[in-house]
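See below for the structure under consideration.
Each reported figure results from applying straightforward, stated rules to the coordinates on display, with no laboratory input. Values in this document were obtained by computation on a predicted structure and should not be read as measured data. Because the Cβ atoms are built from the backbone with ideal geometry, glycine has one as well, and the counts that use them run over all protein chains shown.
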Amino acid sequence: MSELTKNVQPLQDFDWEQYENGTTANVSKEELDKAYDETLNKVSEHQVVDGKVISVDKKEVVVNIGYKSDGIIPASEFRYNPELKAGDIVEVYVENAEDKKGQLVLSHKKARLSKSWDRVNAALENEEVINGYIKCRTKGGMIVDVFGIEAFLPGSQIDVHPIRDYDQFVDKTMEFKIVKINQEFRNVVVSHKALIEAELEAQKQEIMSKLEKGQILEGTVKNITSYGVFVDLGGVDGLIHITDLSWGRVDDPHKVVELDQKINVVILDFDEEKKRIALGLKQLTPHPWDALDANLKVGDHVKGKVVVIADYGAFVEIQPGVEGLIHVSEMSWSQHLRSAQEFLKVGDEVEAVIITLDREERKMSLGIKQLKEDPWEAIEVKYPVGSKHSAKVRNFTNFGVFVELEEGVDGLIHISDLSWTKKVKHPSEFTQVGTMIDVVVLDIDKENRRLSLGHKQLEDNPWDVFEAKYTVGSIHEAKIVELMEKGAVIQLDENVEGFATPKHLVKEDGSQATQGEVLPFKVIEFNKDSKRIILSHSRTFEDPKREEKAAAKKARAPKKDDAPKIENVAASTTLGDIDVLAELKAKMEKGE
């Protein structure tokens with residue numbers, strides 16, 4: 001019995017006589033259709049059934065599920081299975097038993113999706129090896145079709161070696177292991193690398209067991225990073241740190257090796273547990289210090305390039321692997337603390353003098369200031385005492401101004417040597433940092449490399465003139481420019497000031513003088529050395545009264561012949577009389 005007739009059942013009330021006579025008027029078309037339909041499989045929409053592939057071409061796959069019509073499925077849904085052929089049994093999802101054209105609508109993709117998560121979870125649990133079709137590239141890796149699910153293949157999981165061309169894997173079917181599933185977001189991560197790691201692990205163990213320090217091996221440059229180079233030693237990787245690439249300084253490993261280059265390396269150290277191998281490349285060549293000219297000595301001149309620079313100095317490579325340090329203090333005769341970047345930069349070609357040389361420690365110190373003459377060697381010739389110069393103000397202290405006459409030659413102007421007349425409380429009142437100031441050399445301290453300088457000495461001392469003008473007892477009109485608790489500052493002239501205590505600021509009417517007033521002042525003290533002039537307003541009117549009073553008493557005193565005896569005078573004299581008597585006595589002694 002054929003597949004198409006095995007389910008046919010004879011109708012109980014079929015009139016065979018009418019059939020033989022050619023008349024079937026009592027049998028309706030619906031009944032005939034029903035009899036036909038019952039010979040076919042019953043198909044329910046939105047379910048998964050098995051179907052048989054009838055034909056396969058580039059565009060579509062025809063599948064029969066025992067229905068009255070076959071279903072057509074796009075060939076793209078079978079991309080994961082390039083071996084598909086007629087006669088294969090495949091799962092299909094019934095979308096629609098009959099569309100507008102009467103066509104059976106099937107989907108293989110949806111059939112796979114309905115069961116894919118069960119398969120994916122089972123594959124993870126059983127550590128199965130599955131096939132997957134690589135659809136396209138994405139950020140960080142590839143998208144792989146696994147059972148109709150789009151899984152993520154990280155770039156690091158494609159192979160044990162770094163992949164530089166991802167496009168070569170697109171449209172390929174490969175074997176994978178599922179390594180991670182996120183059930184909540186239905187994300188699947190697969191790995192091809194995991195399939196070969198077990199084999200490689202055994203290979204690594206064998207290689208590691210045969211390693212020895214100092215052993216020289218051939219390897220292939222696998223990866224180049226900013227800190228070193230990874231080398232494949234035939235199944236196990238080793239790292240050449242950037243400092244072990246060359247005896248000279250290396251700023252970019254790409255300048256020393258290239259990807260896929262075969263090189264010889266020496267094993268410096270290894271850790272079997274951590275599978276780490278430290279390799280060296282420079283160790284295969286002699287150390288440059290061993291090849292350094294044996295005649296090179298302290299005092300010799302060398303040339304080189306600045307390779308590293310820091311605040312404290314610059315390292316100069318005089319030949320690959322041989323460097324010397326120029327400390328910032330050896331860059332200039334100047335005593336000021338400065339940064340090496342002010343003098344040199346990386347890449348500069350310089351000439352220097354060897355200051356120290358230690359071949360055993362492989363250290364060398366250099367200097368460039370020694371290429372110029374030390375300005376202090378003949379300081380007395382260029383800057384003799386009394387000579388005048390222009391200097392740059394470097395910085396201030398409370399006691400003076402530090403200036404630089406030239407690089408390496410500094411001097412100090414004491415605050416007392418800034419001005420003859422102005423009372424300078426701080427140097428910032430007189431000048432500014434960075435400006436030029438005229439100076440005269442007062443003293444030379446060669447041992448400490450310092451000059452004592454003066455600014456006021458460029459002019460004559462005006463106090464010689466003031467001494468003659470502001471004699472004690474002289475009276476001058478002056479202005480009170482500043483009032484303080486202890487007294488007042490009096491402006492005598494443009495360049496000279498005096499001072500008056502509060503008791504000397506009392507005016508004739510008993511009131512106190514105020515700031516801004518112009519009054520007559522009497523000089524009661526003049527000190528040229530300390531540049532001090534003491535003044536008094538009160539004395540301008542008190543002294544004449546006192547002198548007038550003294551003169552009146554003198555006029556009332558008895559004549560010399562009528563002078564009473566001393567013993568009679570003593571009992572009745574007043575203090576004023578004593579002054580008169582003393583004056584008379586002085587005149588008598590002079591013979592007046």
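With a sphere of radius 14 Å drawn around the Cβ of Val472, what net charge do the other residues whose Cβ falls strictly inside it have (Lys, Arg +1; Asp, Glu -1)? Before the final figure, lay out each step's value.
Numbers: positive: Lys469, Lys522, Lys528, Arg532, Arg539; negative: Glu467, Glu525, Asp543.
Value of the local net charge: +2.
Ranking request for peptides 158-164, 128-134, 107-113: highest mean number of other beta-carbon atoms within 10 Å first, then the rest in descending order.
Packing order, densest peptide first, comes out as 107-113, 128-134, 158-164.
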Subject >> Qualifying trypsin sites (Lys or Arg not before Pro) for the stretch 290-322 [loop in DSSP, other Cβ within 10 Å: at most 13] >> reply: Lys297
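Please sort 356-362, 492-498 by packing, taking for each peptide the average over its residues of neighbouring beta carbons within 10 angstrom, highest first. Write down the numbers at each step before the final one.
Details: 356-362: 11.4, 492-498: 16.6.
Order by mean packing, descending: 492-498, 356-362.
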Original post:
What number comes out for the charge environment of Lys369, summing +1 per Lys or Arg and -1 per Asp or Glu over other residues with Cβ under 11 Å away?
Top reply: -3
Subject >> Cα centroid separation - the stretch 447-481 against the stretch 259-295, whole Å >> reply: 77
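Would you mind working out the magnitude of the charge dipole of the stretch 46-193 relative to its Cα centre, with +1 at each Lys and Arg C-beta and -1 at each Asp and Glu C-beta, to the nearest 20 Debye? Walk me through the intermediate numbers first.
On the way: 22 positive and 23 negative charges, 67 e Å.
The calculated dipole for the stretch 46-193 is roughly 320 debye.
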Original post:
Label 7 Å along Cα→Cβ of Arg362; the stretch 276-310 residues with amide nitrogen under 15 Å?
Top reply: 280-293
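Would you kindly state how much longer the chain becomes between Gln103 and Ala378 on full extension, computed as 0.36 nm times their sequence separation minus their alpha carbon distance, in nm to one decimal? Don't skip to the answer; put the middle values down first.
Values: separation 275, 0.36 × 275 = 99.00 nm, distance 11.24 nm.
Gain on extension, Gln103 to Ala378, equals 87.8 nm.
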Subject >> Relative packing of 442-453, 234-245, which averages over residues the other C-beta atoms within 10 Å, highest first >> reply: 234-245, 442-453
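How much net charge surrounds Glu447 when only other residues with a Cβ under 15 Å from its Cβ are counted (Lys, Arg +1; Asp, Glu -1)? Each step should come with its number before you reach the end.
Details: positive: Lys446, Arg449, Arg450; negative: Asp374, Glu377, Glu380, Asp410, Asp443, Asp445.
Result for the neighbourhood of Glu447: -3.
Over the stretch 78-134, what is the relative contact order in percent, taking alpha-carbon pairs closer than 8 angstrom and at least six residues apart?
On the way: 41 pairs, mean separation 16.9, N = 57.
Dividing the mean separation by the residue count of the stretch 78-134 yields 30 percent.
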**OP:** Rounded to whole Hz and in sequence order, give me ³J(HN,Hα) for the stretch 478-490 from the Karplus expression 6.51 cos²θ - 1.76 cosθ + 1.60, θ = phi - 60°, writing x for Gly and Pro.
**Re:** 8, 10, 7, 9, 7, 10, 10, 5, 8, x, 9, 8, 10
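Give, rounded to the nearest 20 debye, the magnitude of the charge dipole that the stretch 269-314 has about its Cα centre when Lys and Arg contribute +1 at Cβ and Asp and Glu contribute -1 at Cβ. All intermediate terms of the calculation are to be shown ahead of the outcome.
Numbers: 7 positive and 8 negative charges, 43 e Å.
Charge dipole, the stretch 269-314, about its Cα centre: 200 debye, nearest 20.
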**OP:** Quick one: what are the phi-derived ³J(HN,Hα) couplings along the stretch 232-245, Karplus 6.51/-1.76/1.60 with θ = phi - 60°, whole Hz, x for glycine and proline?
**Re:** 7, 9, x, x, 9, 9, x, 10, 9, 5, 4, 6, 9, 7
